[in-house]
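Working notes, beginning with the structure itself.
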Amino acid sequence: MPRVSQEQARLNRQRVVEVASALFRERGLHGVGVADIMAAAGLTHGGFYGQFANKEALAAEAFDAAIAEEYRGGPETLLANYLSEAHVQTPGKGCPLAALANDVAREPKGCPVRARFTRGVETLATLLADLSPKAARARRRQRSLATLSTLVGAIVLARAVDDETLAQELIEAARAAVTA
């Protein structure tokens, strides 16, 4: 079997990370296996271990990719997009904090994904703090953590309820709270 070029190997790895990022957000960390990820990426299962030490290493990298995707556009764009029906309906394209909070909470302390999740919370809180630049630093942090909690909580709850009206009310209430 011919070997792939370094460039093709890089592209394959990037594709696996992108696919894994979406699948983990859609199905959870334990709801998708390596074979599923590789098949969705259009690659064979055998190529996985040449690129990643294990599934946990891929999950950590996929989480980073999802967080980077979430931050594009700055805090105003983030707020506008976060509390949307599209975000509720498409977890595979949305914030990994809302999609994976319950899964990550069950992971052991010191787990790479848990560390990345923590860093993601800090990064997003810092981004949201930029929305109130004139407040004192401690106050900005407090507000950003409250806003982050409201955003993530609203999406988690809106996805979980089986009442579309209630889901929309949750999103609208969160939007009112964070823009007040």
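The values are calculated or read from the model by the stated rules, or taken from the named source; none is laboratory data. Keep in mind that what you see is a predicted model, and the values were worked out from it rather than measured. FYI the Cβ positions are ideal-geometry reconstructions off the backbone, even for glycines, and counts take in every protein chain you see. Please note that ligands, DNA and RNA were not included when accessible areas were found on the heavy atoms of the full protein model with its side chains. Shrake-Rupley method; radii C 1.70, N 1.55, O 1.52, S 1.80 Å.
Please count how many residues of segment 1-17 are without any contact (Cβ under 8 Å) to a residue 12 or more places away in the chain, assigned to a helix (DSSP H, G or I) and among the β-branched types (V, I, T).
So the count comes out to 0.
Only one of A167, A154, A177 is open to solvent by 30 Å² or more (accessible area, probe 1.4 Å) and either aliphatic (A, V, I, L, M) or in contact with a Lys or Arg (Cβ under 9 Å, 6 or more places away or on another chain) (or both); which?
So the residue among A167, A154, A177 that is open to solvent by 30 Å² or more (accessible area, probe 1.4 Å) and either aliphatic (A, V, I, L, M) or in contact with a Lys or Arg (Cβ under 9 Å, 6 or more places away or on another chain) (or both) is A177.
Could you list, in sequence order, the residues of segment 133-151 that are farther than 21 Å from E26 by Cα, open to solvent by less than 40 Å² (accessible area, probe 1.4 Å) and under 19 Å from the mean Cα position of the chain (by Cα)?
Within segment 133-151, S144, T147 qualify.
With respect to T77, is the statement that it is over 19 Å from R25 (Cα atoms) and of a type in the set (V, I, T) true?
The answer is yes for T77.
Quick test for you: out of A20, A53, A59, A35, pick the one residue that is in a helix (DSSP H, G or I) and either in contact with a strand residue (DSSP E or B) (Cβ under 7 Å, 6 or more places away or on another chain) or open to solvent by 20 Å² or more (accessible area, probe 1.4 Å) (or both).
A35
Restricting the first residue to segment 136-150 and requiring it to be under 18 Å from L97 (Cβ atoms), which pairs with a second residue that is part of a helix (DSSP H, G or I) and among the polar types (S, T, N, Q) meet a Cβ separation below 9 Å and a spacing of at least six or different chains?
Listed by first residue and then by second, the contacts come to R141/T126; S144/T126.
Of all residues in segment 99-109, which are open to solvent by 50 Å² or more (accessible area, probe 1.4 Å) and not polar (S, T, N, Q)?
Answer for segment 99-109, where residues must be open to solvent by 50 Å² or more (accessible area, probe 1.4 Å) and not polar (S, T, N, Q): A105, R106, P108, K109.
Does segment 69-89 hold any residues that are of a type outside the set (S, T, N, Q), assigned to a helix (DSSP H, G or I) and free of Cβ contacts under 8 Å to residues at least 40 places away in the same chain, and which are they?
Answer for segment 69-89, where residues must be of a type outside the set (S, T, N, Q), assigned to a helix (DSSP H, G or I) and free of Cβ contacts under 8 Å to residues at least 40 places away in the same chain: A80, A86.
What residue, of A66, A59, is within 12 Å of the chain's Cα centre (by Cα) and either free of Cβ contacts under 8 Å to residues at least 12 places away in the same chain or more than 23 Å from S144 (Cβ to Cβ) (or both)?
A59
Say we look at segment 66-98 and pick out the residues that are over 23 Å from A129 (Cβ atoms) and among the hydrophobic types (A, V, I, L, M, F, W, C); which of these is surrounded by the most Cβ atoms within 10 Å (Cβ to Cβ)?
My answer is V88.
Scanning segment 110-132 for residues that are in contact with a Pro (Cβ under 7 Å, 6 or more places away or on another chain), open to solvent by 30 Å² or more (accessible area, probe 1.4 Å) and hydrophobic (A, V, I, L, M, F, W, C), which turns out modelled with the highest pLDDT?
L127
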